[in-house]
Amino acid sequence: MINKISTLGGYIHEYQKSVANPREFWEQIAHEFYWHKKWDKVLDWDFREPRIEWFKNGKLNITENIFERNLFTRGNQPAIIWEPNDPNDQNRILTYNELYREVCKFANVLLSMGIRKGDRVAIYMPMIPELAISMLACARIGAVHSIVFAGFSANSLADRIIDAEAKIVLTSDGAYRGSKTIPIKEIVDEALETCPSVEHVVMVERTREKVAVKAGRDHLWSDLMQSASHENQAVEVDSEDMLFILYTSGSTGKPKGIVHTTGGYMVYAAYTFKNVFQYSDGDVYFCSADIGWITGHSYIIYGPLLNGATSLMFEGIPTYPDGGRYWDIVNKYNVNQFYTAPTAIRALMALGQQFVENKGMPSLKVLGSVGEPINEMAWHWYHDHVGNNRCPIVDTWWQTETGGIAISPLAGIIPTKPSFATLPMPGIQPVIVDHEGKELAGRSVEGILCIKFPWPGMLRTIYGDHERFKQTYFSNYDNLYFSGDGVKRDEDGYYRILGRVDDVINVSGHRMGTAEVENAINAHPLVNESAVVGYPHDIKGQGIFAFVVCGELSTGGEEGIKTSILKAVSKIIGPIAKPDKILLVSGLPKTRSGKIMRRILRKIAEGETASFGDTTTLLDPGVVNEIVSAAQKLK
Ligand code: 7RM
């Protein structure tokens, strides 16, 4: 079992060890796992190439480390507690034995459909147990899962399937989300019109609504499982073989397929889970994220299950049937660790105290936050009303790219400070640089967050585009991993994340590229050009503000065109990318070389009316005043 740090002195000691001798440090942890063959070399790396290899030539299967390694001691312990959307529906509890059986069966199904090691499997499913079973079944046979959040549009799903050249799509008929039903299979059918690589579709029946079935291509999960054997020998993979691809937004239009490999990711997800949440045997842990995001991959599935933990998986939303749903779940299962996003906290805070007061929640020991900066007000509400003033909050900073938590308190061990992610995890060597790439050493500095040494959970490449991998993460500053986030280190050496320094915005914890949203808006036939920026939003953290230049207005007038822009964005990306505000303008503030000055647009979106700093490089400074007065009229 992974050693759990239990004191502040212990953390300092481990941290120092991890910096002084990272190979020895991680090797010791890796020895806790089950390998068919151990590595020849712990680490081989070069950020300039870039190339990162951990536990080189090690052979293993990650699911053996979840199942075979845990079954003897905890076969009858719940692995996954599944809570349905509707609290009156039947829940499902899968013990390690039961989950193992399902995973083996579905692994055999995948094999029977011709899926082999290295093949990509697209998964577009709501938060149902079959989603967990699917991803683990892929890992069992060495196939690479590429999970697409079920809130994305057909168009986004198709882009991801095409980029990964997935052979098969795993999905469901529909999805329940609060009081709504979403036609998942219909979206898949639409996406597949443009995806020639897909040979098969396997569909779980969740809502049992009528769906179109394409003979020869579409199969029912239940039919295939009925005849599948529950005996399956895990496929041996190399430590550096791909475990999964997960798409995330960057500062250009096209989402990046972040690649994680097997050995390093396994070690890192397991180690960080245990230490950050201070998970103890028998605890019930609940992460409210969707498995379609990295948080769900690392901290609903891999991290917890590698530790033999009980992980709660929730199908629904925090406000259904009312704003007390999370707290009812905490009480129903005596949840000990609860992990959510600031946007959920702010939304629930806005509903008022009545949904949280009197819930008690005596089982809670640790609260977690992830995805965006948590503002002080939300931090205190979470601490006082959810944690009843007695649970430490772990504000965990990390990214799809880091694979696991990189900067965070260890619960109850590292003293917290509202809005601070506090200190780096062992193995993480953060550096703060200025715009020229000069390291800002010491305390009380502010700049750009980079990491100067590899850690086992880090991404290895961008699928199909290693050059973009190099450009995005290793070319801004020499020999450093560039995170894209601004950060401050205070007088105590604590880290506070300030938000993105690139053209990525964070809306309700969903990461989005402004260029992606602009491309979707620009696809509208009446739009000439647009510029999208983030602005402070009470609930979402950041809202989306779109400045749009139209040629002519259609018959619907201003409102008509705004409505059709919203529809277009929903269709092209998904409802999560819909702008909160659209301002129709006659031109954008551009420099003489044609670059849009987003800095000015950001200020206008924030409500600034007068001071825009240096505007002398603008081609037409008059356009700024015009936009300001239009913005003032926008409600
Ligand atoms: C896990 C996840 C990554 C971006 C990252 C930050 C922001 C995440 C925090 C945070 C402040 C935090 N992966 N971010 N955690 N900002 N405090 N604790 O969210 O790839 O989807 O997003 O999210 O900007 O770069 S992600």
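The values are calculated or read from the model by the stated rules, or taken from the named source; none is laboratory data. Bear in mind that the values here come from a model prediction, so they are computed numbers and not experimental data. Using ideal geometry, Cβ is built from the backbone for each residue, glycine included, and neighbour counts are taken over all protein chains shown. Side chains included, ligands, DNA and RNA excluded: accessible areas come from the protein's heavy atoms. Shrake-Rupley method; radii C 1.70, N 1.55, O 1.52, S 1.80 Å.
Testing ILE128 on (1) more than 25 Å from SER229 (Cα to Cα); (2) under 21 Å from the mean Cα position of the chain (by Cα); (3) surrounded by fewer than 24 Cβ atoms within 10 Å (Cβ to Cβ), one condition comes back false. Which one is that?
(1)
Scan region 79-94 for residues that are open to solvent by less than 40 Å² (accessible area, probe 1.4 Å), out of contact with any helix residue (DSSP H, G or I) (no Cβ under 8 Å at 6 or more places or on another chain) and either in a helix (DSSP H, G or I) or touching a residue at least 12 places away in the same chain (Cβ under 8 Å) (or both) and jot them down.
PRO84, ASN85
Which condition does GLN278 not pass, out of (1) touching a Leu at 6+ places or on another chain (Cβ under 7 Å); (2) open to solvent by 20 Å² or more (accessible area, probe 1.4 Å); (3) within 19 Å of LEU136 (Cα to Cα), if it passes all the others?
The failed condition is (3).
What number of residues within region 33-76 satisfy the criterion of being more than 15 Å from SER239 (Cα to Cα) and not in a helix (DSSP H, G or I)?
Selection size over region 33-76: 8.
Mind checking whether some residue in region 161-178 is out of contact with any strand residue (DSSP E or B) (no Cβ under 6 Å at 6 or more places or on another chain), more than 20 Å from LEU305 (Cβ to Cβ) and of a type in the set (A, V, I, L, M)?
Yes, region 161-178 has at least one match.
Scanning for something more than 24 Å from TYR299 (Cα to Cα) and touching a residue at least 60 places away in the same chain (Cβ under 8 Å), does region 132-153 turn up at least one residue?
yes
Which of the residues spanning region 508-533 are part of a strand (DSSP E or B), in contact with a strand residue (DSSP E or B) (Cβ under 9 Å, 6 or more places away or on another chain) and either open to solvent by 20 Å² or more (accessible area, probe 1.4 Å) or within 11 Å of the ligand (Cβ to nearest atom) (or both)?
Once the filter is applied, which keeps residues that are part of a strand (DSSP E or B), in contact with a strand residue (DSSP E or B) (Cβ under 9 Å, 6 or more places away or on another chain) and either open to solvent by 20 Å² or more (accessible area, probe 1.4 Å) or within 11 Å of the ligand (Cβ to nearest atom) (or both), region 508-533 yields ARG511, MET512, ASN528, GLU529.
Among the residues of region 542-569, which ones are open to solvent by 30 Å² or more (accessible area, probe 1.4 Å), out of contact with any strand residue (DSSP E or B) (no Cβ under 6 Å at 6 or more places or on another chain) and closer than 29 Å to PRO318 by Cβ?
Within region 542-569, THR563, LEU566, LYS567 qualify.
Please specify each residue of region 400-414 satisfying the condition of being within 8 Å of the ligand (Cβ to nearest atom) and either among the charged types (D, E, K, R) or open to solvent by 10 Å² or more (accessible area, probe 1.4 Å) (or both).
THR400, GLU401
What single numbered condition from (1) outside any helix (DSSP H, G or I); (2) under 30 Å from GLU14 (Cα atoms) fails to hold for VAL267?
The one condition VAL267 does not meet is (1).
Looking at (1) more than 14 Å from the ligand (Cβ to nearest atom); (2) under 30 Å from ILE432 (Cβ atoms), which is the only condition ASP503 fails?
Tallying (1) more than 14 Å from the ligand (Cβ to nearest atom); (2) under 30 Å from ILE432 (Cβ atoms), ASP503 fails exactly one: (1).
Checking the condition of a type in the set (Val, Ile, Thr), under 30 Å from GLY323 (Cβ atoms) and crowded, with 17+ Cβ neighbours inside 10 Å, which residue from ILE187, ILE182, ILE245, ILE258 passes?
From the options ILE187, ILE182, ILE245, ILE258, the qualifying one is ILE187.
From GLY493, GLY464, GLY484, which residue is over 19 Å from the mean Cα position of the chain (by Cα), small (Gly, Ala, Ser) and open to solvent by less than 20 Å² (accessible area, probe 1.4 Å)?
Going through GLY493, GLY464, GLY484 in turn, the sole match is GLY493.
Do we find that ILE258 is touching a Gly at 6+ places or on another chain (Cβ under 6 Å), in a strand (DSSP E or B) and of a type outside the set (Ser, Thr, Tyr) in this structure?
Taking the combined requirement at face value, the residue does not satisfy it.
Tell me, please, whether a residue that is among the β-branched types (Val, Ile, Thr) and crowded, with 19+ Cβ neighbours inside 10 Å can be found in region 444-451.
Scanning region 444-451, I find at least one residue that is among the β-branched types (Val, Ile, Thr) and crowded, with 19+ Cβ neighbours inside 10 Å, so the answer is yes.
Considering every residue within region 263-276, establish whether at least one is closer than 25 Å to VAL356 by Cα and more than 14 Å from the ligand (Cβ to nearest atom).
No.
Of the residues LYS38, LYS17, LYS56, which is modelled with pLDDT of 95 or more, open to solvent by 40 Å² or more (accessible area, probe 1.4 Å), in contact with a Lys or Arg (Cβ under 6 Å, 6 or more places away or on another chain) and among the charged types (D, E, K, R)?
Sole residue among the options that is modelled with pLDDT of 95 or more, open to solvent by 40 Å² or more (accessible area, probe 1.4 Å), in contact with a Lys or Arg (Cβ under 6 Å, 6 or more places away or on another chain) and among the charged types (D, E, K, R): LYS56.
Give ASP189, ASP163 a once-over and let me know the one that is in a helix (DSSP H, G or I) and within 28 Å of ASP86 (Cα to Cα).
Just one listed residue meets the conditions, ASP189.
Restricting attention to region 465-474, does a residue exist that is more than 16 Å from the ligand (Cβ to nearest atom), closer than 30 Å to VAL121 by Cα and assigned to a loop (DSSP other than H, G, I, E, B)?
Yes, the conditions are met somewhere in region 465-474.
Can you tell me which residues in region 277-300 are within 12 Å of the ligand (Cβ to nearest atom) and among the hydroxyl-bearing types (Ser, Thr, Tyr)?
Correct list: THR295, SER298, TYR299.
Identify, please: which residue in region 341-351 is open to solvent by less than 10 Å² (accessible area, probe 1.4 Å) and farther than 20 Å from ASP86 by Cβ and is, among those, farthest from the chain's Cα centre (by Cα)?
The qualifying residue farthest from the chain's Cα centre (by Cα) is ILE345.
Here is a check on your reading of the model: is ARG496 of a type outside the set (A, V, I, L, M) and away from the ligand (no atom under 12 Å from the Cβ)?
no
Report, by residue number, each residue of region 475-493 that is more than 10 Å from the ligand (Cβ to nearest atom) and of a type outside the set (S, T, N, Q).
Passing the criteria: TYR477, ASP478, LEU480, TYR481, PHE482, LYS488, ARG489, ASP490, GLU491, ASP492, GLY493.
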